[in-house]
Amino acid sequence: VQLQASGGGLVQAGGSLRLSCETSGRTFHTYVMGWFRQAPGKEREFVATISQFLSTYYADSVKGRFTISKDNAKNTVTLQMNSLKPEDTAVYYCAAATRGYVGIQSNPDRYDYWGHGTHVPVSS
């Protein structure tokens, strides 16, 4: 399984950005997908996840501003980010949990495939 994230780039505070992650694999509809991020000098943290049943779960820091969605026909998961803040600055990674976990997964250890990351700097 390969994941390719795109859509990052410089954005001003209050702006919006849409990240996409194209994923290979013939059973994409069974994967739990997630977005994580890592800011400079900080550990990787959970952002959002979407299950096989399209249930979603968000970190408190992004709830109400970010939306995760999954298009099984296109093997793509998307993260719509609105009302961006400077503290959202990070490298964002998409990840796939393919080993049969059911439902939303916020634990990064449950994910067995990771994309290379896309940088999102938010200027104040």
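The values are calculated or read from the model by the stated rules, or taken from the named source; none is laboratory data. The shown structure was predicted, so the numbers you read here are calculated from the model rather than taken from an experiment. Quick reminder, even Gly has a Cβ in these numbers, built from the backbone with ideal geometry, and neighbours come from all protein chains shown. Accessible surface areas use protein heavy atoms only, side chains included; no ligands, DNA or RNA. Shrake-Rupley method; radii C 1.70, N 1.55, O 1.52, S 1.80 Å.
If you go through the stretch 15-60 and pick out every residue that is touching a strand residue (DSSP E or B) at 6+ places or on another chain (Cβ under 9 Å), farther than 27 Å from R99 by Cα and open to solvent by 60 Å² or more (accessible area, probe 1.4 Å), you end up with 4.
Taken over the stretch 54-109, the residue count meeting the criterion of being in contact with a helix residue (DSSP H, G or I) (Cβ under 8 Å, 6 or more places away or on another chain) and among the aromatic types (F, W, Y) is 1.
For the stretch 41-89, a tally of residues being touching a residue at least 24 places away in the same chain (Cβ under 8 Å) and on the phi > 0 side of the Ramachandran plot returns 2. For the stretch 58-75, filtering for residues that are of a type in the set (K, R) and closer than 18 Å to A5 by Cβ leaves 2.
Filtered by the rule that a residue be among the polar types (S, T, N, Q) and open to solvent by 60 Å² or more (accessible area, probe 1.4 Å), the stretch 85-115 gives a lone residue, N107.
Any residue that is open to solvent by 50 Å² or more (accessible area, probe 1.4 Å), modelled with pLDDT of 95 or more and over 14 Å from the mean Cα position of the chain (by Cα) - is there at least one of those in the stretch 62-69? Within the stretch 62-69, one or more residues are open to solvent by 50 Å² or more (accessible area, probe 1.4 Å), modelled with pLDDT of 95 or more and over 14 Å from the mean Cα position of the chain (by Cα).
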